[in-house]
1. Take residues that are over 18 Å from the mean Cα position of the chain (by Cα) and tell me which of the strands (runs of 3 or more DSSP E) falling wholly in region 26-140 contain 1 or more.
2. Identify, by number, the condition in (1) of a type outside the set (S, T, N, Q); (2) touching a Lys or Arg at 6+ places or on another chain (Cβ under 8 Å); (3) open to solvent by 10 Å² or more (accessible area, probe 1.4 Å) that I170 doesn't meet.
3. Looking only at region 18-52, how many residues end up being polar (S, T, N, Q), open to solvent by less than 30 Å² (accessible area, probe 1.4 Å) and without any contact (Cβ under 8 Å) to a residue 12 or more places away in the chain?
4. So which pairs qualify, if the first residue must be in region 150-166 and surrounded by fewer than 23 Cβ atoms within 10 Å (Cβ to Cβ), the second must be among the polar types (S, T, N, Q), the Cβ gap must be under 6 Å, and the two must be at least 6 apart or on different chains?
5. Would you check which residues across region 112-146 are open to solvent by 10 Å² or more (accessible area, probe 1.4 Å) and touching a Gly at 6+ places or on another chain (Cβ under 8 Å) and list them?
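The values are calculated or read from the model by the stated rules, or taken from the named source; none is laboratory data. Worth saying up front: this structure is predicted, and the values here are computed from it rather than measured. Please note: Cβ atoms are built from the backbone with ideal geometry, for glycine as well, and neighbour counts cover all protein chains shown. Accessible surface areas use protein heavy atoms only, side chains included; no ligands, DNA or RNA. Shrake-Rupley method; radii C 1.70, N 1.55, O 1.52, S 1.80 Å.
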Amino acid sequence: MRNLIVILVLFVTTLAVHAEDFNWRTGDGAKAPNTKNQKSISGFGGWLLVTPDKDWEEKWNTPKENTPHFSEAEEVELGEELTILPFFANPKLDENRYFKILCDIKIIKPNGSFSINEIDVPCAEGILEDDPMSIFLTQTVIKYIGEAGDPFGEWTVFFNMKDSLRNVEIPLETSFTLVKSKANKSIQPTANASAD
């Protein structure tokens with residue numbers, strides 16, 4: 001477990017979203033279909049993103065008028081690092097605007113063993129001053145660093161986000177692949193490429 005580090009992020013920054021009952025939206029504003037890593041259930045939204053961006057924290061800590069853009073990673077080599085960012089939106093608030101989200105977190109190595117297997121991890125809670133329809137980053141962020149001895153292949157990440165007050169769970173899943181070297185992979189030209 002040396003290579004997976006759970007980081008407790010002591011801030012909650014927001015990204016404005018416009019919706020009456022929360023749903024993820026596509027770039028043109030249409031309702032996005034649920035996918036393995038991004039869902040909305042009963043008005044509660046969850047999204048799991050794996051990024052290679054080392055400056056993800058700087059990108060996130062900007063005024064909410066600015067929309068941060070994160071690179072997404074599918075592969076990582078030994079010595080490289082990835083960060084797993086769990087986002088949520090529209091938690092249920094009580095009369096004091098208090099909310100509480102717990103997460104079940106599992107990371108399964110290519111050999112089927114667990115790197116992390118934790119239940120009811122406090123992901124986010126507190127008094128929410130911002131619009132609940134905004135997008136929030138949980139307090140639990142996971143960093144992965146490819147180390148010698150790690151099994152090559154697909155690592156699967158499960159986050160089951162539980163809105164305690166709404167009594168709704170969002171099971172999220174994503175993955176990344178630890179490869180020996182990305183440099184050995186050939187680049188396929190696109191069909192619409194043209195010579196100058």
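1. Working: elements: 38-41, 44-51, 75-77, 81-89, 98-108, 114-127, 135-137.
Where strands (runs of 3 or more DSSP E) fall fully within region 26-140 and carry at least 1 residues being over 18 Å from the mean Cα position of the chain (by Cα), they are 75-77, 98-108, 114-127.
2. Result: I170 passes all but (3).
3. Count: 0.
4. That search, which allows pairs on different chains as well, returns P151/N111; E154/S175; E154/T177; T156/S175.
5. I135, I145
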